[in-house]
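The values are calculated or read from the model by the stated rules, or taken from the named source; none is laboratory data. Computed from a prediction, not measured in an experiment: that's the story for all the values here. Cβ: placed from backbone, ideal geometry, glycine included. Neighbour counts: every protein chain shown. The accessibility values were calculated without ligands, DNA or RNA, using every heavy atom of the protein model including side chains. Shrake-Rupley method; radii C 1.70, N 1.55, O 1.52, S 1.80 Å.
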Amino acid sequence: MALLPVPDAKARLLDRARPLERTEVIPLTEAKGRVLAVDLAARLTQPPFHASAMDGYALRATDAPEIGSELAVIGTASAGHAFDGVVGEKQAVRIFTGAPLPEGADSILIQEDAEVLDGGRIRTRFEVTIGRHVRPRGQDFAEGDVVLPAGTVMDFAHMTVAAAMNHPTLSVYRRPRVAVLATGDELLPPGANPGPSQIIASNTFGISALVRDNGGEIVDLGIVKDRQEDIAAAIDKARAAGVDVLVTLGGASVGDHDLVQATLKSAGMELDFWRIAMRPGKPLMVGSLGDMHVLGLPGNPVASLVTGMLFLEPLVRQLARWPERQRLVSGLTANRLSANDQRQDYLRAKLRRDEAGALVAEVFNKQDSSMMKIFSQADALIVRPPHAPELPAGAPCQLLLIRPFIQT
């Protein structure tokens, strides 16, 4: 099978990914990152009454037409404690922010603009206009207003307004469930003491974090040995758990010890494609097992993370109904880059800004796909298309951000 270009591979993967339809009701406290399944309308009006926006005095604007007007203070109103009375001619009520505007009053004179006199009186130091410093009833929203439409991805601001609309629970779409399976006789979990031929498994943790960052939840299938019966048992667990995506880490090629693809085919997987024209990450496998998407990522850690960003991230976001994340930005190269072959390269680089504010990417000297430390230090990947010509230092280039870049 010929190597598939990266854009074609991504399009084929996402073409058959349908956003999840099942919904559930959750507490508002757990709504961060969840997607509303229905329009969210206000259950009350906010504010529910005309309210003071400042500390000061509630009065009638006609009683203070000019600086130096004097009024009698007849009571106090504070948040949660309204003044039980009516403001009449040449009267005022001491009022605090958030308190209901007393009946009869139409304006607020802020306390800095009031001179306190003896005998419970004040003198104005500023002209008063009708409605000044008053928050009208329903200024924010009215009962029945749809404030958050279906499809909203809930963040801290959305959660605040949902609470203000008096919603303790929300109807949301279910999160995509992603099973992660690491394979290899050489792998041990963190904390173990590896033998002479063993290493610590790391990919699961980065891939799981990537899934959670993009609206999914993880079913960890652990590490299984390179035995077909063990891999088949893990696949059965994924099916029984009703996951939406099965991600395998390593073993998806066709070598003597790469049994994942063969085992999945025996279980009924329909292989869509594998082997992508990219570096790192060529041995990527995509297929389906019934309604379950199957994504076989390379075993090398950096290749696994790069393909995770390019393929797993958009798949999970599409299933979760999250908008596509825009990681691609323009920049300049700090180094000379040699001409490229038939594969699309993703080169780890550090970023800085030049005097004009442009992003400048300096490539790491070593790009081996097993070197996790360099990936953790990189800010972005320089994207080199197939057959790209040599680039001099300072030439325009395309960057795939690993994380938001903020220069310190």
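Quick one: Cα centre-to-centre distance for the range 14-64 and the range 209-281, in angstrom?
42 Å
How much of the accessible area of the range 6-101, probe 1.4 Å, is carbon plus sulfur, in whole percent?
Using a 1.4 Å probe with all protein chains present, the range 6-101 comes out at 52 percent carbon and sulfur.
Can you compute the charge dipole magnitude of the range 1-77 about its Cα centre, using +1 on each Lys and Arg Cβ and -1 on each Asp and Glu Cβ, nothing else charged? Give it in debye, rounded to the nearest 20.
740 debye
Tell me, what is the per residue accessible area of the chain in Å², probe radius 1.4 Å?
Spelled out: the 1.4 Å probe surface of the chain, per residue, equals 49 Å².
Quick one: check the C-alpha center-to-center distance for the range 150-202 versus the range 337-373, whole angstrom.
29 Å
For the range 1-37, run through the GluC sites (Glu not before Pro) and keep only the ones in DSSP coil with at most 10 other Cβ atoms within 10 Å of their Cβ.
Glu21
For the chain, give me the percentage of DSSP beta bridges that are antiparallel, rounded to the nearest 5 percent.
The antiparallel proportion sits near 65 percent.
Roughly how many debye, to the nearest 20, is the charge dipole of the range 136-225 about its Cα centre, given +1 on each Lys and Arg Cβ, -1 on each Asp and Glu Cβ, and no other charges?
The dipole magnitude comes to about 160 debye.
Using Cα springs under 10 Å in a Gaussian network model of the chain, which residue among Ala162, Ala92, Ala182 shows the largest mean-square fluctuation?
Ala92
Defining a contact as two alpha carbons under 8 Å apart and six or more residues distant in sequence, what relative contact order in percent does the chain show?
16 percent
For His387 and Leu328, what is the calculated FRET efficiency with R₀ set at 22 Å and r taken between the beta-carbons, to the nearest 0.05?
Efficiency for this residue pair is about 0.65.
Go ahead and estimate [θ] at 222 nm for the chain from helices alone: -39,500 (n - 2.57) per DSSP H run with n ≥ 4, summed, over the residue count, rounded to 500. Walk me through the intermediate numbers first.
Working: 8 runs with 71 residues, N = 408.
Computed mean residue ellipticity for the chain: -5000 deg cm²/dmol.
Towards the positive end of the charge dipole of the chain, with charges on Cβ (+1 Lys, Arg; -1 Asp, Glu), say which of Ser288, Leu315, Ala2 has the farthest Cα.
It is Ala2.
Set the Förster radius R0 to 45 Å, insert the Cβ-Cβ distance between Lys90 and Asp145 as r into 1/(1 + (r/R0)^6), and round the FRET efficiency to 0.05. Present the calculation step by step, with values, prior to reporting the outcome.
Numbers: r = 39 Å, r/R0 = 0.86.
Given R0 = 45 Å and the Cβ-Cβ separation, E is 0.70.
Could you tell me which of Thr248, Asn166, Phe83 has its Cα farthest along the dipole of the chain towards the positive end, charges placed at Cβ (Lys, Arg +1; Asp, Glu -1), taken about the Cα centre?
Selected residue: Thr248.
Is there a quick way to get the dipole size of the chain? I mean about its Cα centre, with the Cβ of Lys and Arg at +1 and of Asp and Glu at -1; what is the value in debye to the nearest 20?
Using only the charged Cβ atoms, the result is roughly 1080 debye.
Once fully extended, how much extra length lies between Glu21 and Asp155, figured as 0.36 nm per residue of separation less the alpha-carbon to alpha-carbon distance?
Values: separation 134, 0.36 × 134 = 48.24 nm, distance 2.08 nm.
Full-extension gain reported as 46.2 nm.
Please tell me which of these pairs span more than 31 angstrom C-alpha to C-alpha: Lys265/Lys373; Lys10/Lys350; Lys10/Lys32; Lys32/Lys366?
Lys265/Lys373; Lys32/Lys366
For the chain, with a Gaussian network of springs between Cα atoms less than 10 Å apart, report the residue from Ser370, Ser202, Ser69 with the top mean-square fluctuation.
Its mean-square fluctuation being the largest, the pick is Ser69.
Quick one: work out the % antiparallel among DSSP beta bridges in the range 1-112, nearest 5.
Within the range 1-112, antiparallel bridges account for around 65 percent of the total.
With a/c under 1.5 counting as rounded, go ahead and sort the range 195-324 into rounded, prolate or oblate using the C-alpha gyration tensor (a ≥ b ≥ c being the square roots of the eigenvalues; past the cut-off, prolate if a/b is larger than b/c, else oblate).
Verdict is rounded for the range 195-324.
Between Arg353 and Thr29, what is 0.36 nm times their sequence separation minus the Cα-Cα distance? Round to one decimal in nm.
112.7 nm
Heads up, I need the accessible area for Glu270: 1.4 angstrom probe, whole protein in place, Å², nearest 10.
130 Å²
Using a 1.4 angstrom probe with every protein chain in place, what is the largest-first accessible-area order of Phe156, Phe405, Phe126?
The most accessible residue leads, giving Phe156, Phe126, Phe405.
Quick check: at a probe of 1.4 Å, how many percent of the accessible area of the range 297-408 sits on carbon and sulfur atoms?
Result for the range 297-408: 52 percent of the exposed heavy-atom area is carbon or sulfur.
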